[in-house]
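The structure appears below as C-alpha cells.
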Amino acid sequence: MSKRIIGKDFKKVDARDKVTGKALYTRDIYFDDMLYMKVKRAPFPHAYLRKLNTDKAESLAGVVKIITAEDYPDLNKYGLIYKDQPVLIGIGEKMHYMGDPLAIVIAETEETAKRACELIEVEVEELEVVTDPLQALKKDAPVIHEELSGLLTDRLDKKLNPANILCDHYLEKGNVEEGFARADKIFEREYKTQHIDQLPLQSEAGVGLYDEDTGTVKIWAATQWLHDTQADVAQSLGLPKEKIRIIQPTIGGAFGKKEDISVHIHLALAILATKRPVKFSYTRKGSMITQSKRHPLIIRHKTGVANDGFLTAWQTEVIGDVGAYASSSPAVVHKGLYHCTGPYNVANVRGVSYAVYTNNTFTGAMRGFGTAQMAFSYDSQMDLMAAELGIDPAHFRLQNAYEIGSSTPNGQILTRSVNVRKTIKEVLAMTEGGK
C-alpha cells in the first residue's frame with residue numbers, strides 16, 4: 001500500500017466541484033413547501049425550568065407548530081459514549097448549560113421562527129453556576145447531574161466530589177517512587193489550556209423530509225459518525241433504525257465538531273410533527289454556544305531527571321473540563337493522559353485523569369483527542385528541565401527520545417514508524433547554525 005500511495009500525486013476527487021461551486025452543501029438543499037425551524041435555548045446555564053409560555057409565539061402569523069417536552073414525554077437521552085444529553089428540557093427539569101433546548105419552533109420562514117423563539121416566555125429558578133472544574137471537585141460544590149452515577153472506579157480519591165466526576169483513569173509503569181529517588185532534580189509545574197472552537201466554515205445545518213411511502217425520516221446533514229448518528233436519532237425517538245436515514249452532503253469542515261448530534265434529533269421531531277420538509281441551520285453564535293469545544297485541561301507534571309540529562313520519573317494529573325455533557329470526554333481525557341510523557345522514554349510513570357462536569361458548553365472531539373493540550377505541557381516541561389540543567393533543549397530531547405523498542409506509558413512497545421530522533425535531527429539541519 002505505501003509504495004502505491006505515499007509520495008505520489010493523486011487528484012482530489014471533489015476539488016473541481018468545490019472550486020466551481022457545484023458541490024452541494026446542506027444549506028444549498030431546498031424542497032417545495034419547506035418549513036424552517038429554530039430552537040429556544042436556556043436563558044441561564046444552571047437552573048430549573050419552572051414555566052414555559054408559548055402563547056404569544058404560537059399566535060404569530062406564519063408559525064406552524066411549537067414542540068415542547070410535554071408533547072414528547074418519552075424521548076430518550078443521547079450522547080456519543082455516555083447518554084446524558086436530553087432532547088428537550090421539561091417543566092421541573094434542570095438546565096445544565098446555555099445550549100439546553102426548551103422548545104422547537106417551526107414556521108413558514110426562518111425569520112418567523114427566530115421571532116417566535118424570542119416571544120416564548122421562560123421562568124427559571126437559578127442555581128449556582130459552576131464554571132471551574134476545580135470548584136466542581138470540591139465536596140461542597142453544587143451537583144451538576146444529580147441523576148447520574150458516572151463511570152467511576154473504586155480508586156477515586158475520597159477527598160474529591162464523585163457527583164461531578166464523569167470518569168477517572170489511572171496509569172502505572174515501573175516504580176515512580178524509586179524513579180524520583182534516583183533523580184538529581186525534581187520539577188513540578190501546572191499547565192492550563194483553554195476552550196477552543198473547531199470553527200468549520202459551515203456551521204451545523206440540516207434539511208429533511210418524511211417519506212410517506214416508507215414511513216422514513218430522511219435527513220441531509222453533515223456528521224462524522226454516520227451510522228452512530230442514525231442510531232442515536234432512532235433510539236432518542238424510540239424508532240427502528242431503518243426508519244431514520246442520514247444522507248451525507250458535502251461536509252463543509254468538521255475537525256471533530258460534527259461528531260456530536262446537533263440538528264439531527266430536533267429536525268427529525270419537526271419532520272414527524274409536520275410531515276413536511278424542514279430546514280434547520282445554526283447561526284455562528286448558536287454553534288458557539290451549543291456545540292462541543294476542545295477540552296480545557298489542567299495538567300500537573302512532576303518530573304525527575306538525573307544531572308546527565310536522562311529522565312528518571314514522570315508523574316501527571318489531568319483534570320478535564322467536560323462541560324455540561326459527556327460527549328467524547330471519557331476518550332479524550334483518557335487518551336491525553338496516555339501521552340503525558342510525549343515521545344520521550346521514561347521508565348517510571350504514574351498518572352491519573354478526571355473528566356469533570358461543569359456548566360460550561362460541553363467539550364468533545366477536536367483534532368488530536370487530548371494530545372495537542374498534552375504536547376504543550378510536556379514540551380514546556382522539557383524546556384524547563386533543559387534550561388535548569390544547562391543542556392541544549394534539542395540534545396536533551398534527542399537523548400530521551402523514543403526509538404524502535406521503546407515502551408510508552410501504557411506499556412505499548414513501539415515496533416515501527418518511530419521517527420522522533422530523525423525529525424529532530426532534520427529540523428536542526430534545516431535551522432541556521434543547526435548541527
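Here, each number is a calculation from the coordinates, and none is a lab measurement. This structure is a prediction, so every number in the text was calculated from the model and none was measured. No Cβ is skipped: glycine too gets one built from the backbone with ideal geometry, and neighbour counts run over all protein chains shown.
Computed from the C-beta positions of Ile91 and Ile196 and an R0 of 45 Å, the FRET efficiency is 0.80 to the nearest 0.05. Each principal axis of the Cα cloud of the chain was evaluated for its coordinate range; sorted largest first, these ranges are 77, 59, 37 Å.
Computing FRET efficiency as 1/(1 + (r/R0)^6) for Ala387 and Phe310, where r is the C-beta to C-beta distance and R0 is 22 Å, gives about 0.85.
Simple spin-label estimate for Lys18 and Tyr30 gives 2.5 nm between the two label positions (7 Å along the Cα-to-Cβ direction from each Cα). Longer than 31 Å from Cα to Cα, which of Lys241/Lys293; Lys185/Lys335; Lys40/Lys139; Lys40/Lys158; Lys11/Lys285; Lys158/Lys335 are they? Say none if no pair is. Those over the limit are Lys40/Lys139; Lys40/Lys158; Lys11/Lys285. Placing +1 on each Lys and Arg Cβ and -1 on each Asp and Glu Cβ, with no other charges, gives the range 172-243 a dipole about its Cα centre of roughly 180 debye. Projecting the Cα atoms of Thr415, Phe10, Ile244 onto the charge dipole of the chain, computed from C-beta unit charges around the Cα centre, puts Phe10 farthest toward the positive end. Give, as ranges by residue number, the residues of the range 366-407 whose backbone N falls under 15 Å from the point 7 Å along Cα→Cβ of Asp184. Once the point is set 7 Å along Cα→Cβ of Asp184, 385-392, 396 turn out to lie under 15 Å by backbone N, inside the range 366-407. Shape call for the range 81-121 from the C-alpha gyration tensor, a ≥ b ≥ c root eigenvalues: rounded (a/c under 1.5), prolate (a/b greater than b/c) or oblate? Prolate shape, in that a/c is at least 1.5 and a/b is the bigger ratio.
Pairwise Cα distances in the range 280-419 exceed 20 Å in 52 percent of cases. Relative to the compact-globule estimate of 2.2 N^0.38 Å, the Cα radius of gyration of the range 137-217 comes out at 1.99. Of all DSSP bridge pairs formed entirely within the chain, close to 75 percent run antiparallel. In the chain, helices alone account for a calculated mean residue ellipticity at 222 nm of -7000 deg cm²/dmol, with every DSSP H run of four or more residues adding -39,500 (n - 2.57). With a Förster radius of 60 Å applied to the beta-carbon distance between Asn175 and Glu70, the computed FRET efficiency rounds to 0.50. Taking 0.36 nm per residue of sequence separation and removing the Cα-Cα distance, the Glu128/Phe255 pair yields an extension gain of 42.4 nm.
For Ile81, the residues whose amide H sits under 5 Å from its own are Ser327, ignoring neighbours fewer than 5 places away on the same chain, with H placed 1.01 Å from N. Debye-formula intensities of the range 50-102, expressed as log10 I(q)/I(0) at q = 0.16, 0.18, 0.22, 0.29 Å⁻¹, are -0.57, -0.69, -0.93, -1.23 (one equal scatterer per alpha-carbon, no solvent).
Cross-link reach is defined here as a Cα-Cα straight distance under 12 Å, omitting same-chain residues fewer than 8 places apart; for Lys302 the aspartates and glutamates meeting it are Glu177, Glu188, Glu190, Glu317. Ordering of 157-163, 200-206 by packing is 200-206, 157-163, highest average first (other Cβ atoms within 10 Å, averaged per residue).
Taking a ≥ b ≥ c as the square roots of the eigenvalues of the Cα gyration tensor, the range 1-96 is oblate, since a/c reaches 1.5 or more and a/b is not larger than b/c.
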